[in-house]
Amino acid sequence: MNAKQLIKERFPVPYDFYVEYKDRKLYNSRKKLADISPETLVKFVYNKSFCKDIDLKNPQTFNEKLNWLKLYWYDEQAETCSDKYLVREFVEKKGLGHLLNELYAVYDNPEDINPDVLPDKFILKCSHDSGHSIICTDKSKVNWSQLKRKFRWWFKINYCFMAGEWPYYTEHPSIVCEKFLEDPVAGELLDYKFFCFNGEPEMVFFASDRKHHVKADFYDLNWNLLPFRWLYEPSGKVFPKPSKLDDMIEYAKILSEGFPFVRVDFYEIQGKVIFGELTFFHGGASGWFKPEKIDYELGEKIILPLKSNPWAHIKYSNN
């Protein structure tokens with residue numbers, strides 16, 4: 001256990017206040033940049049991530065093109081698909097409702113959360129952003145007032161202003177409560193994230209060891225380990241091919257249809273495929289590849305659409 005984990009475990013309430021303070025400071029600074037212009041925000045985040053300026057006039061790399069899409073691509077479906085609750089309807093309309101995780105409740109207000117009617121294990125997550133979730137494995141140990149405080153703050157964040165990911169914009173955030181997923185055979189929840197370009201799955205970004213320090217590897221669609229990495233440390237081993245790989249490839253193709261790029265995430269637990277989420281800007285389009293040429297090779301796979309303005313749909317005055 002590192003120092004950060006130790007402090008979090010021993011002093012959870014002060015730690016949460018500290019994290020909220022940092023989040024507020026970051027969010028307010030990013031929102032000010034977005035108020036100048038979305039392009040100002042996108043350029044700043046890219047420069048901070050890669051220590052160089054982005055070429056928006058002639059984008060070449062995977063990350064450059066994803067950032068271009070933040071500014072010049074709009075599809076109303078992307079907003080639906082980025083919402084952790086509304087995406088369920090999208091998946092159902094695609095004929096894949098059987099892949100959805102069990103839904104316990106949806107809350108429009110953190111104060112509506114009633115632990116008495118929830119099982120001992122569950123997951124709570126904001127519908128409108130990325131990363132803000134609570135995994136509960138024993139509700140008797142939850143500080144409910146502190147949990148609700150977290151969600152009250154998270155409701156104030158319009159995540160689109162963190163890095164320019166406009167599909168996360170909403171005026172009506174909610175909290176989704178779903179079944180806690182675990183795999184007793186694998187001993188951990190393995191995450192299969194399909195990179196899909198123009199409706200075609202091309203590779204799998206495979207995440208493991210989430211309980212400690214997340215590891216990630218790339219596999220091709222035949223489950224051959226690929227010789228490159230993205231940001232996270234590789235696992236250093238070859239995992240067995242999932243039994244439902246072919247099914248997941250087909251599902252990813254169905255769900256990614258019509259999008260220039262989207263990452264389609266699944267879990268496989270004892271032969272059952274469960275839908276995770278759809279993500280249009282992998283890693284916020286802020287993560288490096290090694291070797292660097294992979295950024296260019298993947299960039300070639302993204303066909304940019306005609307320009308449109310997604311930010312015309314964002315109401316700054318309400319944030």
Contact list, first residue from the range 292-315 and among the polar types (S, T, N, Q), second anywhere and outside any helix (DSSP H, G or I), beta-carbon distance below 8 Å, six or more apart or interchain, is SER308/TRP73; SER308/TYR74; ASN309/TYR74
Residue list for the range 260-291, restricted to those being within 17 Å of the chain's Cα centre (by Cα) and without any contact (Cβ under 8 Å) to a residue 60 or more places away in the chain: GLY283
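Is it the case that LYS125 is surrounded by 19 or more Cβ atoms within 10 Å (Cβ to Cβ) and at pLDDT 95 or above?
Numbers: surrounded by 19 or more Cβ atoms within 10 Å (Cβ to Cβ): yes; at pLDDT 95 or above: yes.
Criteria met by LYS125.
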Would you please list the contacts, defined by Cβ atoms under 7 Å and residues six or more apart or on different chains, that run from a residue in the range 1-29 that is farther than 16 Å from ASN158 by Cβ to a residue that is among the hydroxyl-bearing types (Ser, Thr, Tyr)? ILE7/TYR15; LYS8/TYR15
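Could you check, for the range 71-79, whether at least one of its residues is more than 21 Å from LEU255 (Cβ to Cβ), in contact (Cβ under 8 Å) with a residue 24 or more places away in the chain and under 20 Å from the mean Cα position of the chain (by Cα)? Give the steps one after another, and end with the answer.
From the range 71-79, those more than 21 Å from LEU255 (Cβ to Cβ) are 71-72; that's our starting set.
Imposing the further condition that a residue be in contact (Cβ under 8 Å) with a residue 24 or more places away in the chain reduces the set to 71-72.
Cutting the leftovers down to under 20 Å from the mean Cα position of the chain (by Cα) gives us 71.
For the range 71-79, residues more than 21 Å from LEU255 (Cβ to Cβ), in contact (Cβ under 8 Å) with a residue 24 or more places away in the chain and under 20 Å from the mean Cα position of the chain (by Cα): present.
Return a yes/no flag: does the range 217-227 have any residue that is of a type in the set (D, E, K, R), without any contact (Cβ under 8 Å) to a residue 24 or more places away in the chain and buried (at least 20 other Cβ atoms within 10 Å of the Cβ). It would help to see each step written out before you state the result.
Filtering the range 217-227 down to residues of a type in the set (D, E, K, R) leaves 217, 220.
Filter again for without any contact (Cβ under 8 Å) to a residue 24 or more places away in the chain, leaving 217, 220.
Cutting the leftovers down to buried (at least 20 other Cβ atoms within 10 Å of the Cβ) gives us 217.
So far as the range 217-227 goes, yes, one or more of its residues are of a type in the set (D, E, K, R), without any contact (Cβ under 8 Å) to a residue 24 or more places away in the chain and buried (at least 20 other Cβ atoms within 10 Å of the Cβ).
Limited to the range 272-298, what total is found for residues that are assigned to a loop (DSSP other than H, G, I, E, B) and either touching a strand residue (DSSP E or B) at 6+ places or on another chain (Cβ under 8 Å) or surrounded by fewer than 19 Cβ atoms within 10 Å (Cβ to Cβ) (or both)?
Taking the range 272-298 and keeping what is assigned to a loop (DSSP other than H, G, I, E, B), we get 280-281, 286-288, 291-292.
The next check asks that each one be either touching a strand residue (DSSP E or B) at 6+ places or on another chain (Cβ under 8 Å) or surrounded by fewer than 19 Cβ atoms within 10 Å (Cβ to Cβ) (or both); those that pass are 280, 286-288, 291-292.
Qualifying residue count for the region: 6.
Yes/no per residue for (1) within 25 Å of TYR169 (Cα to Cα); (2) among the charged types (D, E, K, R); (3) surrounded by 12 or more Cβ atoms within 10 Å (Cβ to Cβ); (4) outside the structural domain of PHE151 (by TED's automatic domain parsing):
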site: LYS8; (1), (2), (3), (4): no, yes, yes, yes
site: ASN28; (1), (2), (3), (4): yes, no, no, yes
site: SER37; (1), (2), (3), (4): yes, no, yes, yes
site: LYS43; (1), (2), (3), (4): yes, yes, yes, yes
site: CYS51; (1), (2), (3), (4): no, no, no, yes
site: GLN60; (1), (2), (3), (4): no, no, yes, yes
site: TRP68; (1), (2), (3), (4): yes, no, yes, yes
site: TYR72; (1), (2), (3), (4): yes, no, yes, yes
Run down GLY131, GLY199 and say which single residue is free of Cβ contacts under 8 Å to residues at least 24 places away in the same chain and within 30 Å of PHE228 (Cα to Cα). GLY131
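Is it the case that the range 96-103 has a residue that's polar (S, T, N, Q), surrounded by 13 or more Cβ atoms within 10 Å (Cβ to Cβ) and either closer than 21 Å to LYS253 by Cα or under 18 Å from the mean Cα position of the chain (by Cα) (or both)?
In the first step, residues of the range 96-103 are kept if they are polar (S, T, N, Q); the result is 101.
When the remaining residues are screened for being surrounded by 13 or more Cβ atoms within 10 Å (Cβ to Cβ), the result is 101.
Filter once more, keeping what is either closer than 21 Å to LYS253 by Cα or under 18 Å from the mean Cα position of the chain (by Cα) (or both): 101.
Checking the range 96-103: at least one residue is polar (S, T, N, Q), surrounded by 13 or more Cβ atoms within 10 Å (Cβ to Cβ) and either closer than 21 Å to LYS253 by Cα or under 18 Å from the mean Cα position of the chain (by Cα) (or both).
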Looking at the range 7-25, can you tell me whether even one residue there is at pLDDT 95 or above and farther than 29 Å from GLY299 by Cβ? yes
For the range 248-259, pairs from a residue that is at positive phi to a residue that is surrounded by 13 or more Cβ atoms within 10 Å (Cβ to Cβ), with Cβ under 7 Å and 6 or more apart or across chains, are GLY258/GLY199
Meets criteria (on the phi > 0 side of the Ramachandran plot and surrounded by 14 or more Cβ atoms within 10 Å (Cβ to Cβ)) for GLY199: yes
So which pairs qualify, if the first residue must be in the range 45-67 and under 14 Å from PRO260 (Cα atoms), the second must be surrounded by fewer than 17 Cβ atoms within 10 Å (Cβ to Cβ) and of a type in the set (A, V, I, L, M, F, W, C), the Cβ gap must be under 7 Å, and the two must be at least 6 apart or on different chains? LYS65/LEU304
Quick check, is ILE269 hydrophobic (A, V, I, L, M, F, W, C), in contact with a Phe, Trp or Tyr (Cβ under 8 Å, 6 or more places away or on another chain) and surrounded by 13 or more Cβ atoms within 10 Å (Cβ to Cβ)? no
Among the aromatic types (Phe, Trp, Tyr) and more than 30 Å from LYS150 (Cβ to Cβ): does that describe PHE44? no
Please tell me if LYS4 is surrounded by fewer than 17 Cβ atoms within 10 Å (Cβ to Cβ), charged (D, E, K, R), part of a helix (DSSP H, G or I) and out of contact with any His (no Cβ under 9 Å at 6 or more places or on another chain). yes
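The values are calculated or read from the model by the stated rules, or taken from the named source; none is laboratory data. Because the structure is a prediction, the values reported are computed rather than measured. All Cβ positions, even for glycine, are placed from backbone atoms using ideal geometry, and neighbour counts span all protein chains on display.
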